[in-house]
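Have a look at the structure below, then the notes.
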Amino acid sequence: MLEPDPRFDGYQDHVTTDDELVSIIGPTPKKVVDKVVDRLDDICRDFIAQSSFCVVATANPAGYVDVSPKGDPPGFVKVLNDRLLAIPDRPGNRRVDSFHNLLADPRVGLMFVIPGKSEVLRVRGKARIVRDQTLREAMAVNGKVPALALLVAVDAAFIHCPKCMIRGSVWQPDAWPDSAQIADINHAMIAHAKLDVTPEENFAEAEREGLTTLY
């Protein structure tokens, strides 16, 4: 049963049961259910080998979901065998929300993207944070070895249909909006963290703290 939340007041025609949802959307075709595999076959392996971007979904102990983006040269995620893959952890802002979450709940969801391709690959499984030296050295870029790696034991994988990318014109530059006036991370951090500094001062501090380092 959904708990009352005043933020949703004014929109009262809520869907609250699976039966109601199916009555609106329709039943799931059997082939859509059956396309889920429990290991990384050649199709999944080829997709991951060409992917330069993925997102990692985890949940904290309160149940709130966090989604973290990961990007690197194509093939940065290593398929170790048909049930195990590894993701390098590059320098970031050191929040490591995903890792904190995984220490409490190892369940993880991944979505792999290949620029220019409308399908995505979805994977779910259980994860471990590791420091295996040989593994980390195999994922070095520009001579820089990641401090940590995320091992994911695969429970399910499937190719997601391309319609969302097509509708969003994600890979069509002519359809992209002009985002020049949208705040970048530097200006957003000053506003959201209520910092009494200029953008130039904030960026210089981030450089001194190593927060702008890619590898």
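Any read-out appearing in this document is the output of simple, stated calculations on the displayed coordinates, not a laboratory observation. Please read these numbers as outputs of a predicted model, since none were measured by experiment. Positions of Cβ are generated from backbone atoms using ideal geometry, with glycine treated the same way; all protein chains shown enter the neighbour counts.
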- Query: For the chain, modelled as a Gaussian network with Cα springs under 10 Å, which listed residue fluctuates most, Asp34, Asp18, Asp97?
  - Reply: Asp18
- Rg [Å, one decimal], Dmax [Å, integer] - the chain, C-alpha atoms: 20.3, 57
- Note on the structure: Dividing the surface of the Cα convex hull of the range 89-196 by four yields a projected area in nm² of 10.3 nm²
- Report the FRET efficiency, 1/(1 + (r/R0)^6), for Arg131 and Lys35, where r is their Cβ-Cβ distance and R0 is 30 Å, rounded to 0.05. 0.25
- Where trypsin sites (Lys or Arg not before Pro) fall in DSSP loop in the range 129-215, at most 12 other Cβ within 10 Å: Arg131, Lys194
- Here the equivalent ellipsoid of the range 59-121, derived from its Cα gyration tensor, has semi-axes (largest first, whole Å) of 22, 14, 13
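With a cap of 13 neighbouring Cβ atoms within 10 Å, and only residues DSSP puts in a loop, list the chymotrypsin sites (Phe, Trp or Tyr not before Pro) found in the range 1-104.
On the way: sites: Phe8, Tyr11, Phe47, Phe53, Tyr64, Phe76, Phe99; in loops: Tyr11, Tyr64, Phe76.
Those that pass, being in a loop and sparsely packed, are Tyr11, Tyr64.
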- Message: Restricting to DSSP loop positions (anything but H, G, I, E, B) with no more than 11 other Cβ atoms inside 10 Å of their own Cβ, which GluC sites (Glu not before Pro) remain in the range 144-211?
- Response: Glu209
- Message: To make sure I understand the rule: partners must be lysines, Cα under 18 Å from the Cα of Lys78, and not fewer than 8 residues away in the same chain. Which ones qualify?
- Response: Lys70, Lys126, Lys144
- Query: Based on DSSP H runs of at least 4 residues, each adding -39500 (n - 2.57), what is the mean residue ellipticity at 222 nm of the chain after dividing by all its residues, to the nearest 500 deg cm²/dmol?
  - Reply: -7000 deg cm²/dmol
- What length, rounded to one decimal in nm, is gained on full extension from Ala138 through to Val15, with 0.36 nm per residue of separation minus their alpha-carbon distance? 39.5 nm
- Query: In the range 141-185, if every C-alpha pair distance is counted and binned at 10 Å from zero, what percent goes to each bin?
  - Reply: 16, 21, 26, 36, 1
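How big is the convex hull of the Cα atoms of the range 136-215, per residue, in Å³? Walk me through the intermediate numbers first.
On the way: hull volume 17.2 nm³, N = 80.
Roughly 215 Å³ of hull volume per residue.
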- Item | Kirkwood Rh and Cα Rg combined as Rg/Rh, the range 1-57 | 1.18
- At q = 0.22, 0.28, 0.29 Å⁻¹, what is the base-10 log of I(q)/I(0) for the range 103-152 according to the Debye formula with one equal point scatterer per Cα and no solvent? Please give it to two decimals. -0.90, -0.96, -0.97
- Item | Alpha-carbon gyration tensor eigenvalues x 5, square-rooted, for the range 6-126, Å | 29, 22, 14
